[in-house]
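Student: Below is one structure. I have some questions about it.
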């Protein structure tokens, strides 16, 4: 069926019956008062875990169905469009069917906070596309999102049990992690980070063939069709993106159940397979993803990324062979923003949903704020680009930020050029003064000024020149830059 299913692992049903598995789930459910939090990605493993739990609880007397089961799904806001729609519909079916059957099951969609979203970090702050060595997306889009729900549940209920659809067969690393936190004599494991949270893995010993055997023989109790799920897997590379609770989880870029922007893997075979299977409207998404991947090519990084780090300092490679590149250049962030809006417009015209949003209005507002506060964007580029591409205006927040006009920016450019001072340096100082204006206590302004003035304001050419023939001052500066 799939590459994963080619092993000779014995079936769990050779030594355990389905009734026995569901009885175990019932016993664990009734053993304490801790609410359950079940991670649901819409893939085969999490679907199997939810079905097993659903059938086990439904067979209990109504008076014993007292403990809530929260079915949480994490929408990173850059999910593959087809899967985003699939999970949204599945969650509605789950809630409707649970209410009708009088089950204590509630589906909840989780979202990252605006400051953590993919586009705010990539377009707003200039974070480079994620890579194996810098997977900033996993922490912000998934781990923090799940952590907030778990911690809020712990605060409300005292302790919780996290139900995960993970299997030892997935990888040796996964098996080691599962075994490491196992509680002796219990079906539960300790959570890797939260003392008041526990983990239960009802399908831990299932093989991939066991998963499909179960799903194709046992109908979905909330009304979805498991054969549709099988078709989705056949049309793309097998694999899914489970609820991520730590950074040991493998990247999901090869999975139909991952993010369409994923550049952690070399190629997005899943999206390519979807396009080949008839989803032609997704081609612009793949092109955009490939553009992001191109920015990771070492020989091309200088085209897209600043020579200074996020903190404004230059950092050298340990072998002294060159500069370690920092965030995307502001001009490239602007170009990406424009391209993204153009693709969104195209997808709405050619795709199945004319109202589909690749980027949320709240994200655009936050990007605009960051550009104004941190990039010296007196031109209000975010608003200008949005209106040029869409022909529409958002309800832009009008405040003191960015009150300098484009004409004032041109005057400042001329003045700074005349005196040999970086325009962005003066812009940042003026913006800081405006932010602190009218405050009773302005002591913090000196700390912020020190940060701005402490950045390396030389040009890239000046930095490179100092590497080849540094004078005494340059030698001192390089010493500070080295690790």
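Bear in mind that the values in this text are calculations on the coordinates, not laboratory data. Keep in mind that what you see is a predicted model, and the values were worked out from it rather than measured. Cβ atoms come from the backbone with ideal geometry, glycine included; neighbour counts cover every protein chain shown.
Student: Which of the peptides 122-128, 107-113 is most tightly packed, and how do the rest follow, judged by the mean count of other Cβ atoms within 10 Å per residue?
Tutor: On the way: 122-128: 22.4, 107-113: 16.6.
Output ranking for 122-128, 107-113: 122-128, 107-113.
Student: By count of other Cβ within 10 Å, fewest leading, how are 305, 368 ordered? Show your work: numbers first, answer last.
Tutor: Working: 305 20, 368 24.
Ascending Cβ contact count within 10 Å gives the list 305, 368.
Student: Calculate the spin-label point distance for residue 434 paired with residue 31, positioning each point 7 Å from the Cα along the beta-carbon direction, and give it in nanometres.
Tutor: For residue 31 paired with residue 434, the spin-label model returns 6.1 nm.
Student: Provide 227, 34 in ascending order of the number of other Cβ atoms located within 10 Å of each residue's Cβ, fewest first.
Tutor: Working: 227 12, 34 22.
Fewest to most other Cβ atoms nearby, the residues stand as 227, 34.
Student: Need the full-extension length gain, residue 88 to residue 331, defined as separation in residues times 0.36 nm minus the C-alpha distance. One decimal, nm.
Tutor: Numbers: separation 243, 0.36 × 243 = 87.48 nm, distance 3.57 nm.
Gain on extension, residue 88 to residue 331, equals 83.9 nm.
Student: Could I ask something else about it? Roughly speaking, what is the stretch gain from residue 266 to residue 425, that is 0.36 nm per residue apart minus the C-alpha to C-alpha distance, in nm to one decimal?
Tutor: Working: separation 159, 0.36 × 159 = 57.24 nm, distance 3.79 nm.
Net length gain for the segment: 53.4 nm.
Student: Which of the three applies to segment 47-128, rounded, prolate or oblate, going by the alpha-carbon gyration tensor with a ≥ b ≥ c and a/c under 1.5 meaning rounded? Could the numbers behind the result be given before it?
Tutor: Numbers: a/c = 3.57, a/b = 2.70, b/c = 1.32.
The shape class here is prolate.
Student: At residue 445 and residue 297, where each label point lies 7 Å from the Cα along Cα→Cβ, what is the point-to-point distance in nanometres?
Tutor: Those two pseudo-labels are separated by 4.8 nm.
Student: Need the full-extension length gain, residue 101 to residue 390, defined as separation in residues times 0.36 nm minus the C-alpha distance. One decimal, nm. If you can, show how the numbers build up before the last one.
Tutor: Numbers: separation 289, 0.36 × 289 = 104.04 nm, distance 4.56 nm.
Taking 0.36 nm per residue and subtracting the Cα distance, the gain is 99.5 nm.
Student: Counting other beta carbons within 10 Å of each Cβ, put 418, 144 in order, fewest first.
Tutor: Values: 418 8, 144 14.
Exposure proxy ranking, most exposed first: 418, 144.
Student: Per-residue counts of other Cβ atoms within 10 Å, averaged by peptide: what ranking do you get for 290-299, 369-378, 331-340, highest first? Walk me through the intermediate numbers first.
Tutor: Working: 290-299: 14.2, 369-378: 20.7, 331-340: 18.4.
Top to bottom by mean Cβ count within 10 Å: 369-378, 331-340, 290-299.
Student: Could you compute the FRET efficiency for residue 417 and residue 355, with r as their C-beta to C-beta distance and R0 at 41 Å, rounded to 0.05? List each step's numbers first, then the result.
Tutor: On the way: r = 46 Å, r/R0 = 1.12.
According to the calculation, E is roughly 0.35.
Student: A follow-up question, please. Kindly rank 46-52, 262-268 from highest to lowest mean number of other beta carbons found within 10 Å of each residue. Kindly include the intermediate steps, with their values, before the conclusion.
Tutor: On the way: 46-52: 23.7, 262-268: 20.3.
My ranking of the peptides, most packed first, is 46-52, 262-268.
Student: Run a plain Debye calculation on segment 89-177 (Cα atoms as equal point scatterers, no solvent) and give log10 I(q)/I(0) at q = 0.12, 0.14, 0.23 Å⁻¹, rounded to two decimals, same order as the q list.
Tutor: -0.61, -0.80, -1.15
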